[in-house]
Amino acid sequence: MNDSLFEKHAEALFSLASEEGKIQDYETALQKVLGDFEREPLLESCLSSYALDRVEIYKIIDELYGAVPLKSFTPFLKVVANHHLMDHFERIEAAFRRLSNNALGIQEGFVFSALPLTEGQLELVQKTFEEKLGCHVLLTSRIDPALLGGIKVNIDGKIYDGTLANKLEGLRLRLLAQGGKQ
């Protein structure tokens, strides 16, 4: 399917969220739906189903998300279900998150390490990059057993390499450069 279709839905919801002044609240609600789909894959199947009557799908949406205190949230979910796009909900949420992050000055990225980072270590890395970049940073921790030590951070396509292998390579290059100057 065409990504522009998902982006159009995300843009429409973003516009409504902006009007309400609740961009972050909508992002949180969208992530809750994704979490529900992850925990209960049958839910996504039901809401994507051509076999279920639209009224039944709307009842399920109202039952699960009707209490969410966001004016446009359940109507948006019903539109997505009506267009049979629930099985692409992750792509809609990702497009909304990009718009949201841009509007809120947030940069997302990944931090790679050989071993799992503690919550405190992850927070320290995030704060370090927030100071360095001058914006709010959200990092997702990923394990890369190929790393000997240290971390590698990827934010917005830019790599910050603090791995042991990178430091050793830098040392090797400096030693080679100095080797001819003695």
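The values are calculated or read from the model by the stated rules, or taken from the named source; none is laboratory data. What you are looking at is a predicted structure, and each value in this text was computed from that prediction instead of being measured. Here Cβ is always computed from backbone atoms with ideal geometry, including for glycine, and neighbour counts include all displayed protein chains.
A few remarks follow.
- Being surrounded by 13 or more Cβ atoms within 10 Å (Cβ to Cβ), in a helix (DSSP H, G or I), touching an Asp or Glu at 6+ places or on another chain (Cβ under 8 Å) and not aliphatic (A, V, I, L, M) is a description that does not apply to F76.
- Considering S72, S141, the condition of being within 30 Å of L43 (Cα to Cα), under 21 Å from the mean Cα position of the chain (by Cα) and not hydrophobic (A, V, I, L, M, F, W, C) is satisfied by S141 alone.
- 2 or more residues of a type in the set (D, E): qualifying helices (runs of 4 or more DSSP H) within the range 89-182: 89-104, 119-133
- Among residues of the range 1-26, those that are among the charged types (D, E, K, R) and more than 21 Å from H84 (Cα to Cα), counted: 4
- Checking each residue in the range 141-157 for being among the charged types (D, E, K, R) and either at pLDDT below 90 or outside the structural domain of L117 (by TED's automatic domain parsing) (or both) picks out only D156.
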